[in-house]
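Q: A single structure is presented below for examination.
Taken together, the values in this text are just the output of simple stated rules run on the coordinates, not laboratory data. In this text, all values refer to a predicted model and were calculated from it rather than measured experimentally. As a convention, Cβ positions derive from the backbone with ideal geometry for all residues, glycine included, and neighbour counts pool all protein chains shown.
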Amino acid sequence: MLETMKNSRIFARGRGGIGSLRPGVRWGLGLAVVVACYCLPAARAQVSPSGDEGGLTISAGALGSGYSLQYGNRKMFAVTAIVDADTRRRIGIEGEGRWIEFRQTANVHAQTYSGGVRYHFNVGRFQPYVKGLIGLGDFNFPYNLATGHYFIVTAGGGVDYRLNARIHIRAADVEYQDWPQFTFGNMTSIGVSAGVRVRVF
């Protein structure tokens, strides 16, 4: 068991590659790439000096998160940084970094770095949204015996509340995260976050 954990980094990389993913994960990855290729040119084409009604807005924010890791059924806390680039077509891009570092046991912790597509719409001051992200996760095994680097897929959604033209409260953000190439078999995590994002452009 100890030797297996020491070699988890090699094992994780050995199983890597898009070709080794389950068909459903490969399909979701392909869909995310197609949608991203569609919305990136649209976002660039809509940038104009027309003031607040321009075609692209960029926001950054910080969130506090509660996360449940399937590995050992751990309940932990995290901090999250987000960057959103949204267009008037309701399609945008979200990037996030999450550090699941708090309330550790046996020094188990994780970090994830993801990006993908976000679809949003406005209902008064509220902005519901859904998102699909892909990225990388770093996992630290008990007592620092090994670390692993893995491909991750995330599906989520939530709602923002607009305080004014610049400041939005992220009232709730829910994510389901899949680690399909985790060393000891597929692992999932579920998280709930809340915080604030501020329009910077």
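Q: Would you please name the trypsin sites (Lys or Arg not before Pro) within the range 115-200 that are DSSP coil residues with at most 14 other C-beta atoms within 10 Å of their C-beta?
A: ARG125, ARG166
Q: Taking the Cα centre of the range 84-201 as origin, sum charge times position over the Cβ atoms of Lys and Arg (+1) and Asp and Glu (-1), and report the length of that vector in debye to the nearest 20.
A: In debye, rounded to 20, the range 84-201 gives about 640.
Q: Tell me which residues come under 5 Å, amide H to amide H, from LEU56 once H is placed; ignore anything under 5 positions away on its chain.
A: When sequence neighbours closer than 5 places are left aside, the close amide H contacts are SER48.
Q: Now for a different question. Rounded to the nearest 0.05, what FRET efficiency is calculated for ASN122 and HIS149 with R0 set to 45 Å and r the Cβ-Cβ distance?
A: The pair ASN122/HIS149 has a calculated efficiency of 0.75.
Q: Counting other beta carbons within 10 Å of each Cβ, put PHE77, PHE182 in order, fewest first.
A: The fewest-first ordering by Cβ neighbours comes to PHE77, PHE182.
Q: Between ARG90 and ALA171, 0.36 nm times their residue separation minus their Cα-Cα distance comes to what?
A: Answer, rounded to one decimal: 27.2 nm.
Q: How many nm is it between the label spots at PHE184 and ASP138, if each spot is 7 Å from the Cα in line with the beta carbon?
A: That separation, rounded to one decimal, is 2.2 nm.
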